[in-house]
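Undergrad: Input: one structure, supplied below.
Since every read-out is calculated from the coordinates, none of them should be taken as a lab result. What you are looking at is a predicted structure, and each value in this text was computed from that prediction instead of being measured. A quick note on method: Cβ atoms are made from the backbone with ideal geometry, for glycine too, and the neighbour counts reach across all protein chains shown.
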Amino acid sequence: MTPLENAELFAKSKHAGELNESGVSYSNHLENVVSRLKSLGVVDEEVLCAGWLKDILEHTDTSFDELFEKCGRRISTLILSLTKTKLVIDTSDESTLSLTKKRTVSKKQRQKEYGVKISEGELDAKLIKLCEISANLGDLKNQIISKTKKRRTLKELRFYLTIIEKDLITNTKYPKATILLDTINQNLKIQTQNMNKIKKNKSI
């Protein structure tokens with residue numbers, strides 16, 4: 001079994017039965033992310049593995065040490081740069097890699113810290129984030145949720161996109177990323193306009 005097949009199997013076993021925030025099974029969501037990476041011309045197996053495993057630290061009981069032992073430094077580092085701090089963190093743990101402290105972290109603070117982490121991450125991590133945003137937008141289009149939650153989700157996706165956009169536009173390694181960026185921006189615009197139309201019609 002190849003490392004990529006191992007990563008896929010590991011991700012599917014760890015996320016078994018789970019749905020992401022859009023109500024889509026993690027298996028389908030991660031497959032959509034990896035499929036987008038491949039469509040951009042990504043052949044680096046470690047990047048594709050990280051695509052499969054991008055949520056494993058944040059949404060499963062997998063520890064960084066376990067991930068590091070199974071996948072090695074580069075994949076683990078990519079995933080760590082895509083992982084939000086958990087809602088509770090242990091202030092007594094001095095490890096810079098700790099994701100399980102015992103101090104409550106607000107959602108706003110988590111988002112801010114995550115934004116900094118993404119901005120400081122390497123290009124391949126930003127590329128994975130781009131494909132994740134694209135996959136989430138696709139899911140959101142057909143998702144039945146409250147307008148408030150949908151508006152909040154669109155705002156959050158736009159926030160992350162602005163963080164990675166500049167570096168992806170100037171990169172020459174994956175030129176197709178610019179096309180995906182344009183598609184995402186157009187999708188964000190359309191979905192936001194549709195939300196505003198609904199709001200305007202209700203106010204009439």
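Undergrad: Can you list residues from other chains, or at least 5 along the same chain, whose modelled amide H is less than 5 Å from the amide H of V105?
TA: For V105, whose amide H was placed from the backbone, the distant partners under 5 Å are V88, I89.
Undergrad: Give me the dipole magnitude in Debye, nearest 20, for segment 3-199 about the Cα centre, with unit charges on the beta carbon: positive for Lys and Arg, negative for Asp and Glu.
TA: Details: 34 positive and 27 negative charges, 297 e Å.
Charge dipole of segment 3-199: 1420 debye, to the nearest 20.
Undergrad: In whole Hz, what ³J(HN,Hα) sequence does segment 136-143 give by Karplus (6.51, -1.76, 1.60; θ = phi - 60°), x for Gly and Pro?
TA: For segment 136-143, the Karplus-derived couplings read 5, 5, x, 5, 5, 4, 9, 7 Hz, x marking Gly and Pro.
Undergrad: Here's another thing I want to ask about it. Report, ordered by chain and residue number, the aspartates and glutamates lying within cross-link reach of K14, taken as a straight Cα distance under 17 Å and ignoring same-chain residues fewer than 8 apart.
TA: Cross-link targets: E5, E31, D55, E58, D61, D65, E66, E69.
Undergrad: Hey, another quick one. Quick check for me: using +1 on Lys/Arg Cβ and -1 on Asp/Glu Cβ, what's the dipole size of segment 12-80 about its Cα centre, in debye to the nearest 20?
TA: The dipole magnitude comes to about 240 debye.
Undergrad: Straight-line reach from K149: which aspartates and glutamates have Cα under 17 Å away, leaving out those fewer than 8 places along the same chain?
TA: K149 reaches E21, D139.
Undergrad: Note down the nm distance, to one decimal, between modelled labels 7 Å out along Cα→Cβ at I179 and at Q111.
TA: The two pseudo-label positions are separated by 3.2 nm.
Undergrad: Sort out the exposed loop trypsin sites (Lys or Arg not before Pro) in the chain (DSSP loop, at most 13 other Cβ within 10 Å) and tell me the longest stretch that has none.
TA: 1-101
Undergrad: Now a separate question. Have a look at N142, N20, N171 and tell me which one the Gaussian network model of the chain (Cα, springs below 10 Å) gives the largest fluctuation.
TA: In this elastic network of the chain, the residue with the biggest mean-square fluctuation among N142, N20, N171 is N142.
Undergrad: Just list whichever of K129/K176; K54/K129; K12/K108; K12/K126; K12/K107; K38/K176 have alpha carbons separated by over 19 Å in the model shown.
TA: Values: K129/K176 15 Å; K54/K129 9 Å; K12/K108 30 Å; K12/K126 23 Å; K12/K107 27 Å; K38/K176 11 Å.
Over 19 Å apart, Cα to Cα: K12/K108; K12/K126; K12/K107.
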